Amino acid sequence: MTPRLRVTSVRGLLSFLWRAFGFIGAVLGLRRWWRTLTNSDEPRSTRLTAAFFLLVMATLLVLSLFRPYGGRHQASAPSASASASAQELVVDLRDDLSRSAVNAVGREYGVEFVPNSPEAVDERLMLADVSKLSAARRAALLDRLRADSRVEAADENFEMQLMGWRIAAASPARGQVAEVTPNDPRYPEQWHLNLIGMPRAWEKSTGKGCVVAVIDTGCAFEKKDDIPAASDLKGTRFTKPFDFITNTKRAYDDHGHGTHVAGTIAQATNNGHGCAGVAYDATIMPLKVLTQYGSGTVADIANAVEYAANNGANVINMSLGGPRAAQVLAKACRYANQRGVTIVCAAGNSGREGVGYPAAYPECIAVSSVGPDGNLAFYSSWGEQVCIAAPGGNYRGEAEKHQGVLQNTVFNKQDVFEFWQGTSMASPHAAGVAALIWQTGVKGPAGIRAKLRDTATPKDDAKKYGAGVINAAAAVGASAASATVQPARVSSQPTYPVPAHGPLAFAVALLALAAVLLRQARRPLFWLGGALPVLLLCCVATGFAGRLVTPVAGTAVWPFLLLAGLFGVRGLRGVLIGVCAGWFAGAAAVGLLGWGPTPWLLANAAVAGLLGWMAARE
């Protein structure tokens, strides 16, 4: 696909520029600092500094020549080769094979087949330990298995990840709010339900009778040891839970993600407590495939899809995924689709074109994410496979957390109500509306997909929004359903303001402080040098307030290379001090205000500030 070629070429260009500038800067720095080190007239402290810079520059030179910087390949189809880190294969054999026939296949290939779970025995979904084989032998074995007529699908048993994240906890609200429908006290903060027309949709459908399988980290619908149950799931119906990690009929959530997702679908509603859910009369089937760290194997996910299809699920939600396709998971999705199950998946959180898997499979409804204004969230993946868009939150820091999706969950052994965001949060909105549609009589996956698309509120870019933003009211035939996306009213929060220009203003203030501390305030060259990195980090790197700053943009390696290579040019001394100070100011500003990885940016800001101080002392 053209978009992947474009992304690959940009990464290749960045890799080339990194190596080129690293090589040039290192050579110039070595030359400059070698002369200083070998000059006996220089003070001892200066020569020690030169020795330090020589060591660092020599390291950079080696890295620029030999270290690979290419991005990871995002596969669009199952790879025929096994990776060097693969420890086991997942093999889906024909269901009509007897157990002795399965063992015979294993002996033929020199491996032992073990069922992925007790629920996988009849489906012949097997694992094979290949940790003792070389990469070449694993690849050859995988190719042979895929060519065998007794094997329906075979893959490396790689991991997929959840597609959402949290920002901060909010204490459970107990007070009542007058004249609110429903009567859940924190419903006014759930802008995402109003965005898709839920108050009108509830007049027609509440999802009663529909079973929604949530394939995730489990669900905290019951207490476990010292971990409480989610308080706002009391009254929500649950059926046939299963943990595919421990192979037990309990699917307790030791992370929090799955509980939050389940709450969006079917949080207990009109109970005078907490929040509301989209299809609050639906029944949840919690299936745990992701660990407390948010990752899980393809084998467990495929096993859970087939389990859901075989145990009465009408809708499946998967707020998880990854860049790699897998034959085993693709087959499981086809199987569920053929059994009449509607599969809804998160499109991914890459922030660029390229829908992840399983969302990209044709049997799945891929959901991108929008914020309160109805526009694509900065992190959302998008592409031609996107079917529909739904609210998933759009915040970049603590000040904007109320623009996330609010639901009840259990986190750090606490029953909390939290704002999370991600396509993980968008997908259950669509799954919940699918349950509402199911109750109205449209029960097949093709019919539900068509209803979601035909009633969506149109947007101008099909790759980003599919047919448009989901419209629950229109999907169930409610009256007065809006034909345009109306920006949701976001409940006001007592937070400090961080406007789009906030990092720039903060960085300018920090640069002025640095000018005073370094005694450079009256030097125009300092301000010239400082302005460039401030604008680069606070405006260009954020896409003018449209995305987070990446670690590559925020690294202090860039001012270090300039300082090391050009320090000997006396006329540029003020500019170089300004560049270091500007990098300190820009990285600190965007880091402190939540526009990037805070620890990384602050660490590099400290390095840049130290470089500026050292340059100003000379």
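The values are calculated or read from the model by the stated rules, or taken from the named source; none is laboratory data. Being a predicted model, the structure only gives us computed values, none of them experimental. Cβ coordinates were reconstructed from backbone atoms using ideal geometry, including for glycine residues, and neighbour counts include every protein chain displayed. With ligands, DNA and RNA removed, areas are computed over all heavy atoms of the protein, side chains included. Shrake-Rupley method; radii C 1.70, N 1.55, O 1.52, S 1.80 Å.
Just checking, does segment 270-290 include any residue being out of contact with any Ser or Thr (no Cβ under 7 Å at 6 or more places or on another chain), open to solvent by 10 Å² or more (accessible area, probe 1.4 Å) and among the β-branched types (Val, Ile, Thr)?
no
If you scan segment 562-606, which residues turn out to be open to solvent by 50 Å² or more (accessible area, probe 1.4 Å), hydrophobic (A, V, I, L, M, F, W, C) and under 21 Å from residue 525 (Cα atoms)?
Hits for segment 562-606 are 562, 566, 569, 572, 584.
Of the residues 308, 325, which single one is in a helix (DSSP H, G or I) and touching a strand residue (DSSP E or B) at 6+ places or on another chain (Cβ under 7 Å)?
308
Is it the case that residue 360 is at pLDDT 95 or above, aliphatic (A, V, I, L, M) and part of a loop (DSSP other than H, G, I, E, B)?
Values: at pLDDT 95 or above: yes; aliphatic (A, V, I, L, M): yes; part of a loop (DSSP other than H, G, I, E, B): yes.
So residue 360 fits the description; yes.
Here are some residues: 154, 168, 147. Which one is more than 27 Å from residue 443 (Cβ to Cβ), aliphatic (A, V, I, L, M), surrounded by fewer than 15 Cβ atoms within 10 Å (Cβ to Cβ) and at pLDDT 90 or above?
Details: 154 fails: surrounded by fewer than 15 Cβ atoms within 10 Å (Cβ to Cβ); 168 fails: at pLDDT 90 or above.
Residue meeting the stated conditions: 147.
If I go through segment 309-353 residue by residue, how many of them are among the polar types (S, T, N, Q) and in contact with a Phe, Trp or Tyr (Cβ under 6 Å, 6 or more places away or on another chain)?
Just the residues of segment 309-353 that are among the polar types (S, T, N, Q), to begin with: 310-311, 314, 317, 319, 327, 337-338, 342, 349-350.
Going one step further and asking which of them are in contact with a Phe, Trp or Tyr (Cβ under 6 Å, 6 or more places away or on another chain), we end up with 314, 349.
Number satisfying all stated conditions: 2.
Can you tell me which residue among 303, 311, 337 is surrounded by fewer than 24 Cβ atoms within 10 Å (Cβ to Cβ), at pLDDT 95 or above and touching an Asp or Glu at 6+ places or on another chain (Cβ under 8 Å)? Give the derivation first.
Details: 303 fails: surrounded by fewer than 24 Cβ atoms within 10 Å (Cβ to Cβ); 311 fails: touching an Asp or Glu at 6+ places or on another chain (Cβ under 8 Å).
Going through 303, 311, 337 in turn, just one is surrounded by fewer than 24 Cβ atoms within 10 Å (Cβ to Cβ), at pLDDT 95 or above and touching an Asp or Glu at 6+ places or on another chain (Cβ under 8 Å): 337.
Which ones in segment 194-214 are part of a helix (DSSP H, G or I) and surrounded by fewer than 23 Cβ atoms within 10 Å (Cβ to Cβ)?
194, 199, 200
Can you tell me which residue among 571, 596 is touching a Ser or Thr at 6+ places or on another chain (Cβ under 8 Å), more than 19 Å from residue 512 (Cβ to Cβ) and at pLDDT below 85? Write out each step before concluding.
On the way: 571 fails: touching a Ser or Thr at 6+ places or on another chain (Cβ under 8 Å).
Just a single option satisfies the conditions, and that option is 596.
Got a number for residues in segment 350-378 being farther than 23 Å from residue 458 by Cβ and either aliphatic (A, V, I, L, M) or surrounded by 24 or more Cβ atoms within 10 Å (Cβ to Cβ) (or both)?
The number of residues fulfilling the criteria is 3.
Residue 610 - would you say it is at pLDDT 85 or above, open to solvent by 30 Å² or more (accessible area, probe 1.4 Å) and closer than 23 Å to residue 52 by Cβ?
yes
Could you tell me which numbered condition residue 217 fails, if it satisfies all but one of (1) closer than 22 Å to residue 426 by Cβ; (2) without any contact (Cβ under 8 Å) to a residue 12 or more places away in the chain; (3) hydroxyl-bearing (Ser, Thr, Tyr)?
Tallying (1) closer than 22 Å to residue 426 by Cβ; (2) without any contact (Cβ under 8 Å) to a residue 12 or more places away in the chain; (3) hydroxyl-bearing (Ser, Thr, Tyr), residue 217 fails exactly one: (2).
Could you count how many residues in segment 215-239 are buried (at least 24 other Cβ atoms within 10 Å of the Cβ) and hydrophobic (A, V, I, L, M, F, W, C)?
So the answer is 5.
State yes or no: is residue 323 at pLDDT 95 or above and not hydroxyl-bearing (Ser, Thr, Tyr)? Walk me through how you get there before you give the answer.
Values: at pLDDT 95 or above: no; not hydroxyl-bearing (Ser, Thr, Tyr): yes.
No.
Before we move on, is residue 554 open to solvent by 10 Å² or more (accessible area, probe 1.4 Å) and at pLDDT below 80?
On the way: open to solvent by 10 Å² or more (accessible area, probe 1.4 Å): no; at pLDDT below 80: yes.
So residue 554 does not fit the description; no.
I'm trying to understand the selection: among the residues of segment 392-404, which are touching a strand residue (DSSP E or B) at 6+ places or on another chain (Cβ under 7 Å), open to solvent by 10 Å² or more (accessible area, probe 1.4 Å) and not polar (S, T, N, Q)? Step through it out loud before you land on a result.
Restricting attention to segment 392-404, the residues satisfying the condition of being touching a strand residue (DSSP E or B) at 6+ places or on another chain (Cβ under 7 Å) are 392-395, 398, 401-402, 404.
Those still in the list that are open to solvent by 10 Å² or more (accessible area, probe 1.4 Å) too: 394, 398, 401-402.
Hits for segment 392-404 are 398, 401, 402.
Would you confirm whether or not segment 240-255 contains a residue that is touching a helix residue (DSSP H, G or I) at 6+ places or on another chain (Cβ under 8 Å), open to solvent by 10 Å² or more (accessible area, probe 1.4 Å) and either under 21 Å from residue 198 (Cβ atoms) or not assigned by TED's automatic domain parsing to the domain that holds residue 206 (or both)?
no
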